[in-house]
1. Once you put a point 7 Å from the Cα of L87 and another 7 Å from the Cα of L5, both along the Cβ direction, what distance in nm separates them?
2. Under 20 Å from the Cα of K131, which aspartates and glutamates turn up, not counting those fewer than eight places away in the same chain?
3. Test of understanding: what is the full-extension gain from V19 to H77, defined as 0.36 nm times their sequence separation minus their Cα-Cα distance?
4. Once the Cβ-Cβ distance between L166 and N36 is put in as r, and R0 is 30 Å, what FRET efficiency do you end up with, to the nearest 0.05?
5. Could you tell me how far the Cα centroid of segment 88-161 sits from the Cα centroid of segment 29-67, in Å?
6. Mind sorting H77, H66 by how few other Cβ atoms lie within 10 Å of their own Cβ, fewest first?
7. Lys and Arg at +1, Asp and Glu at -1: add these up for the other residues within a Cβ distance under 14 Å of D62 and post the number.
8. Once you charge only the Cβ atoms, +1 for Lys and Arg and -1 for Asp and Glu, what is the size of the charge dipole of segment 9-146 about its Cα centre, to the nearest 20 debye?
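Each value in this text was obtained by applying a stated rule to the coordinates, not by laboratory testing. Since we're looking at a predicted model, the values are computed, not measured. Cβ sites come from the backbone with ideal geometry, for glycine too, and all protein chains shown count toward neighbours.
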Amino acid sequence: MNRALLHGLWREARPRQWVKNVLVLAGPGAAGVLDNGPYAWRTAMMVVAFCMVASGGYFWNDVHDHPHDRNHPVKQHRPIASGAVPLGVAQVVGTVLLAAGIALAAVTRWEAGVVAAIYVVLTWLYSTLLKHVAVIDLVVVASFYVLRAIGGAVAADVKMSTWFLLTTSFAS
């Protein structure tokens, strides 16, 4: 694999967006269990799982949008739209990231795998349909943040209060 392709794959994964996954720490942090080895380990694994499913979602969103992105003044420079990452490679890498992220989440706790799978389904629906529906698009994007917080709590097996969920929802 050549260096240019690897660079394109890295850019397509959008690692700068991974900072959003710090929300996975919210539930376990609020419960005060991040200094406990098993809780911290499961939470860390869920952060990695969300990095994977989020990146897989970016790959598939750009695969879906590449015909339009090629003509967009900013998006035309994205790796898939520009041709730096071939479509077939993007589809394989995106699929592997989604599947591996769900699997990693499920290894922490099967319920965490369900949360990751819900996130994947919502990102697919958003990319293919919902981002073009006013108001619904905002609700779905906000739900991505809430699912990260829920995912962390579920992975660490800590209870989420109604206030925690409301605060997370309103903050997103």
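1. Each label point is offset 7 Å from its Cα along the Cβ direction, giving 1.8 nm.
2. Straight-line reach from K131, under 20 Å: E12, D62, D65, D69.
3. Working: separation 58, 0.36 × 58 = 20.88 nm, distance 2.22 nm.
Working it through step by step, the gained length comes to 18.7 nm.
4. Details: r = 26 Å, r/R0 = 0.86.
Computed FRET efficiency for L166 and N36 comes out at 0.70.
5. Comparing the Cα centres of segment 29-67 and segment 88-161, I get a distance of 9 Å.
6. On the way: H77 12, H66 20.
Exposure proxy ranking, most exposed first: H77, H66.
7. On the way: positive: R11, R14, R70, K75, R78, K131; negative: E12, D65, D69.
Surrounding charge for D62 is +3.
8. With only Lys, Arg, Asp and Glu charged at Cβ, the dipole is about 200 debye.
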